[in-house]
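The values are calculated or read from the model by the stated rules, or taken from the named source; none is laboratory data. Just so we're clear, the structure is a prediction, and the values are computed from it rather than from any experiment. All Cβ positions, glycine included, derive from the backbone under ideal geometry; neighbour counts span all protein chains shown. What goes into the accessible areas is simple: the full protein's heavy atoms, side chains included, and nothing from ligands, DNA or RNA. Shrake-Rupley method; radii C 1.70, N 1.55, O 1.52, S 1.80 Å.
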Amino acid sequence: MSTIERAEVFVASPGRNFVTLRVTTSDGVTGLGDATLNGRELAVAAYLRDHVAPQLVGRDPARIEDTWQYLYRGAYWRRGPVTMTAIAAVDTALWDIKGKVAGLPVYQLLGGRSRDGVLVYSHASGTDVPALLDDVARFREAGYRAIRAQAAVPGSGSYGVRKGAIYEPASAAVPEEQLWSTEAYLDFAPTYLEAVRERFGFGFHLLHDVHHRLTPIEAARLGKRVEDCRLFWLEDPTPAENQESFRLIRQHTTTPIAVGEALSSIWDVGHLITEQLVDYVRTSVVHAGGITHLRRIFDLAALHQVRTGSHGATDLSPVTLAAAVHLDLAVPNFGIQEYMPHAPETAEVFRGGVRFEDGMLHPPEAPGLGVEYDAEAAERFPYEPRSLPVARRLDGSVHDW
């Protein structure tokens, strides 16, 4: 019987910081898992190296469900982003191994195709409205059928606005502190969303991310204000710790709501789904326990007419992106997948992966996930401490970033 021989953890920064787990079996088959938690990468790396990896040696790599339960229930301290990201890395690596042993891409092991490709959206942004409109035009010309729009609020923060070719908010070891005015944002954001529709019409999906920054009643006001823009979704309108707060938003607007990128388990989103308080669940492979657990979330969502819309920014490695697309391709209630192309350096370390064509992503047809890791190339890109920003209101108090 094949057993797990070793589990190696790699931390490197090819374009941005990534934590990668590589599991090798006694038969010489390798599987990759992503363990990146933006701004807290070393916490997950230590959890894997010091606690999880020694427990994997000698286990049967084919027992994916059993290993998931072993790592989740056996640790006693359950859930949370560090634990669930570590479990996700192991789970994803074991699915990769199972696909390679079977000689099949992972989506075939999940039931095969439910669609021909995976609809994606990317991120248009600008320091002002004209710059945003030019960026939307660029994405339209590139073939995107869905685009998220963000513009810097004059004098009050620039969340979601690229400073270079790649959007990366984690930019310094000590968090950057950014100003925020909810009042200015609520006045300004609808105007640039309306400007996008006025210039480009309704022949594509338009999305917008609030990034947890409003109270429920403020989010309700914004959702109602932009109804004529026919948004595909309004993302993370308010912090999701209090799931019942989304009921108030529902009472005031028909703008679809998406939430979940910062949540790590089915118990974190269960009430939102079963009460139909959201339209899209945005939990991701890497932060919600891997393919095994994310499939449970998506299956629950399917029962309640909630669709999927997984997080897919560049803080997730090509391993997670491939795993997400394999799952997206198979589930019946797929909605959309976030997609931001990685930096060129990333492709020097992660070989293979998904393919973008005509507004959709397509998974590799190679056995497993279709991504390989070049550990020697990764040595050229040492880890760089970076933290996500902190937002402060104009009076100096800390706000949700």
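So the values come out like this:
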read-out	value
The chain - charge dipole about Cα centre, Lys and Arg +1 at Cβ, Asp and Glu -1, debye rounded to 20	580 debye
Shape category assigned to the stretch 75-158 from the gyration tensor of Cα positions, a/c cut at 1.5	oblate
Computed lengthening from T191 to W267, 0.36 nm per intervening residue step minus Cα-Cα distance	23.7 nm
Long-range amide H partners of G368 with built H, under 5 Å	G99, K100, L104, V106
Cα-projected label distance for V57 with H304, points at 7 Å along beta-carbon direction, nm	4.3 nm
Fraction of accessible area attributable to carbon and sulfur, the stretch 84-233 (%, probe 1.4 Å)	52 percent
Ratio of Rg to Rh over the stretch 206-273 (Cα coordinates, Kirkwood Rh, two decimals)	0.94
Degrees between helix 129-141 axis and first principal axis of the chain (Cα, 0 to 90, nearest 10)	50 degrees
The stretch 268-401: C-alpha gyration tensor shape, a/c 1.5 cut-off, then a/b vs b/c	oblate
Residue of R73, R49, R221 that the Gaussian network model of the chain assigns the largest fluctuation, springs spanning Cα pairs under 10 Å	R73
Choice from A391, A165, A75 showing the highest fluctuation, given a GNM over the chain with Cα pairs closer than 10 Å	A165
For the stretch 375-391, Karplus couplings with θ = phi - 60° (6.51, -1.76, 1.60), whole Hz, Gly/Pro x	5, 5, 5, 4, 5, 6, 10, x, 4, 10, x, 9, 10, 5, x, 10, 9
C-alpha long axis of helix 81-102 to longest principal axis of the chain, angle in °	60 degrees
Where a label projected 7 Å from the Cα of D134 along Cα→Cβ would reach, residues of the stretch 200-215 with amide N under 18 Å	200
Percent of beta bridges antiparallel (DSSP, the chain, rounded to nearest 5)	50 percent
Förster radius 45 Å - calculated FRET efficiency between L179 and D27 (Cβ-Cβ, nearest 0.05)	0.20
Three-way shape call for the stretch 128-233 based on the alpha-carbon gyration tensor, with the a/c threshold at 1.5	oblate
Tilt relative to the chain, helix 216-225 - C-alpha long axis, 0 to 90 degrees, to 10	70 degrees
Pairwise label distance in nanometres, S114 with F202, each label 7 Å out on the Cα-Cβ vector	2.7 nm
Å² of accessible area per residue within the chain, as computed with a 1.4 Å probe and no ligands counted	39 Å²
Length added when fully stretched, E365-R73, from 0.36 nm per residue minus Cα-Cα	101.7 nm
Distance from the stretch 334-401 to the stretch 169-187 (C-alpha centre basis), Å	22 Å
R386 - accessible surface, heavy atoms, 1.4 Å probe, Å² rounded to 10	50 Å²
Karplus-derived 3J(HN,Hα), 6.51/-1.76/1.60, for each residue of the stretch 309-316, Hz, glycine and proline x	x, 4, 3, x, 6, 6, 7, 9
Per residue Cα convex hull volume in Å³ - calculated over the chain	129 Å³
